[in-house]
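Worksheet: one structure, shown below.
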Amino acid sequence: MGTIRSSFMEETKADLLSEQAVLCGPVPRLVEECVKFLTDKGVNPRIATYECLNELKLIVDMMVDYGIHGMYQKISTAAKFGGLHA
């Protein structure tokens with residue numbers, strides 16, 4: 001991606017919001033809740049963790065490489081339907 005010209009204030013605001021609103025709050029909590037839900041339903045904890053955490057990286061990598069809309073073009077129809085209608 002290279003460098004992006006920004007100000008200290010802009011970077012600070014963007015960094016704080018992205019960390020607090022997405023990266024370090026809701027995302028880890030969603031992963032934990034999903035793993036717990038699956039394991040409570042009898043899914044092997046290793047499988048639940050893989051599905052919820054390891055596959056998250058695959059989706060994030062696709063969003064970085066292709067954009068959010070491009071990611072939807074790369075995933076299965078079932079995953080796309082679930083993601084758009086969850």
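Just so it is clear, none of the values below were taken in a lab; they were calculated from the coordinates. The structure displayed is predicted, hence computed values, not measured ones. Note that we place each Cβ from the backbone using ideal geometry, even for glycine, and neighbour counts take in every protein chain shown.
Pull up the cross-link candidates among the lysines for K74, meaning alpha carbon to alpha carbon under 22 Å and not fewer than 8 places away within one chain.
Answer for K74, where 22 Å is the Cα cut-off: K57, listed by chain and number.
Could you please report the charge total around L38, scoring K, R as +1 and D, E as -1 over all other residues with beta-carbon less than 14 angstrom from its beta-carbon?
Working: positive: K36, K41, R46; negative: E32, E33, D40, E51, E55.
Surrounding charge for L38 is -2.
What are the ³J(HN,Hα) couplings of the stretch 16-26, residue after residue, when phi is run through the Karplus curve with 6.51, -1.76, 1.60 and θ = phi - 60°? Round to Hz, x for glycine and proline.
Per-residue couplings from phi come out as 4, 5, 4, 5, 7, 8, 10, 6, 10, x, x Hz.
How much net charge surrounds L53 when only other residues with a Cβ under 15 Å from its Cβ are counted (Lys, Arg +1; Asp, Glu -1)?
Values: positive: R29, K36, R46, K57; negative: E32, E33, E51, E55, D61.
Surrounding charge for L53 is -1.
How long is the gain from K41 to H69 if the chain were fully straight, where each residue apart is worth 0.36 nm and the alpha carbon distance is subtracted? It would help to have the intermediate numbers written out before the result.
Details: separation 28, 0.36 × 28 = 10.08 nm, distance 3.20 nm.
Stretched fully, the K41-H69 segment lengthens by 6.9 nm.
Grab the other residues whose beta carbon is less than 13 angstrom from that of G82, score K and R as +1, D and E as -1, and report the net.
On the way: positive: K80; negative: E51, E55.
My count for the surroundings of G82 gives -1.
Want the number for V27 to K80: 0.36 nm per residue separation, take away the alpha-carbon distance, what's left? Display every interim value, and only then the final one.
Numbers: separation 53, 0.36 × 53 = 19.08 nm, distance 1.86 nm.
Length difference between fully extended and current span is 17.2 nm.
Determine the equivalent ellipsoid of the stretch 10-85 by diagonalising the alpha-carbon gyration tensor, then write out the semi-axes as square roots of 5 times the eigenvalues, largest first, rounded to whole Å. Mind dumping the intermediate values first?
Values: eigenvalues 115, 72, 20 Å².
Gyration-tensor ellipsoid for the stretch 10-85: 24, 19, 10 Å.
Size of the dipole of the stretch 10-85 about the Cα centre, Lys and Arg at +1 and Asp and Glu at -1 on the beta carbon, nothing else charged, in debye to 20? Numbers along the way, then the final one.
On the way: 8 positive and 11 negative charges, 78 e Å.
Dipole about the Cα centre, nearest 20: 380 debye.
Quick one: what are the phi-derived ³J(HN,Hα) couplings along the stretch 41-50, Karplus 6.51/-1.76/1.60 with θ = phi - 60°, whole Hz, x for glycine and proline?
8, x, 6, 3, x, 5, 5, 4, 5, 4
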